[in-house]
Amino acid sequence: DAKTTQPTSMDCAEGRAANLPCNHSTISGNEYVYWYRQIHSQGPQYIIHGLKNNETNEMASLIITEDRKSSTLILPHATLRDTAVYYCIVRVEGQGGSEKLVFGKGTKLTVNP
Amino acid sequence: EAQVTQNPRYLITVTGKKLTVTCSQNMNHEYMSWYRQDPGLGLRQIYYSMNVEVTDKGDVPEGYKVSRKEKRNFPLILESPSPNQTSLYFCASRRTGSLLGYTFGSGTRLTVV
């Protein structure tokens, strides 16, 4: 049911940039891409979202390809506390304004010292 | 601090004993939702509410009830819990019309024996 595809796991050295890819080849023109992360069994945490332009906030940058079929989340200087499962999500809107987040399996990012 | 508060954090109960998991948000959000997370299945939506007195089923509503009598509260009710409802539960909220992501609670780990 998930509309996105992500690698199962990735490793990154502390202090280096972590680049997490996501494929969403069936995304519609007005659908946004959202990124969340979940540290251990805590509640998912919203990171960033985008439509077609690249976005940056205090947590990360989001690069979306021109055809919008894929995107990359960039954590510029990964720390040990960034170790988490990262979810790339296309927000699905239903009838009457309803919506839900369809979480796939995400990417388990491990930041190593 | 803007947050979604769930209680209890942990609960062990017996089959058939009615229980309620509370969820409260202090951000005046219209949209609230419940998810359950199970190994290998990811997060799945149980119920959602677009505003006071407006609720609807998500993907896995069987065995659950909800109510939305006040904007800030969205309790999840298990009338007759069964072992297959052992799971990690998350409540989430969002302002309708906002593109910002959801705010999730810290989770409730429920075990039904």
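The values are calculated or read from the model by the stated rules, or taken from the named source; none is laboratory data. Remember, predicted model here, so these are calculated numbers, not experimental data. Here the Cβ positions follow ideal geometry from the backbone for every residue, glycine too, while neighbour counts run over all protein chains shown. Surface areas here come from the heavy atoms of the whole protein model, side chains and all, with no ligands, DNA or RNA. Shrake-Rupley method; radii C 1.70, N 1.55, O 1.52, S 1.80 Å.
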Original post:
Within the bounds of the stretch A:59-73, is there any residue that is within 8 Å of chain B (Cβ to nearest Cβ), open to solvent by 30 Å² or more (accessible area, probe 1.4 Å) and at pLDDT below 95?
Top reply: no
Subject >> Identity of the residue in the stretch B:47-73, in contact (Cβ under 8 Å) with a residue 40 or more places away in the chain and part of a strand (DSSP E or B), that ends up nearest to A:GLU99 (Cα to Cα) >> reply: B:MET50
**OP:** Check A:THR79 against each of (1) among the polar types (S, T, N, Q); (2) surrounded by 14 or more Cβ atoms within 10 Å (Cβ to Cβ); (3) at pLDDT 95 or above; (4) out of contact with any Cys (no Cβ under 9 Å at 6 or more places or on another chain) and name the one condition it does not meet.
**Re:** (2)
Subject >> Within the stretch A:48-80, considering residues that are touching a residue at least 24 places away in the same chain (Cβ under 8 Å) and not in a strand (DSSP E or B), the one nearest to the chain's Cα centre (by Cα) >> reply: A:ALA60
Original post:
Within the stretch B:55-69, is even one residue of a type in the set (Ser, Thr, Tyr), open to solvent by less than 60 Å² (accessible area, probe 1.4 Å) and under 28 Å from A:THR8 (Cα atoms)?
Top reply: no
Subject >> Matching residues, the stretch A:27-47, being assigned to a strand (DSSP E or B) and closer than 30 Å to B:PRO8 by Cβ >> reply: A:TYR34, A:TRP35, A:TYR36, A:ARG37, A:GLN38, A:GLN45, A:TYR46, A:ILE47
Original post:
Scanning the stretch B:74-94 for residues that are farther than 20 Å from A:PHE103 by Cα and open to solvent by 10 Å² or more (accessible area, probe 1.4 Å), which turns out farthest from the other protein chains (Cβ to nearest Cβ)?
Top reply: B:SER80
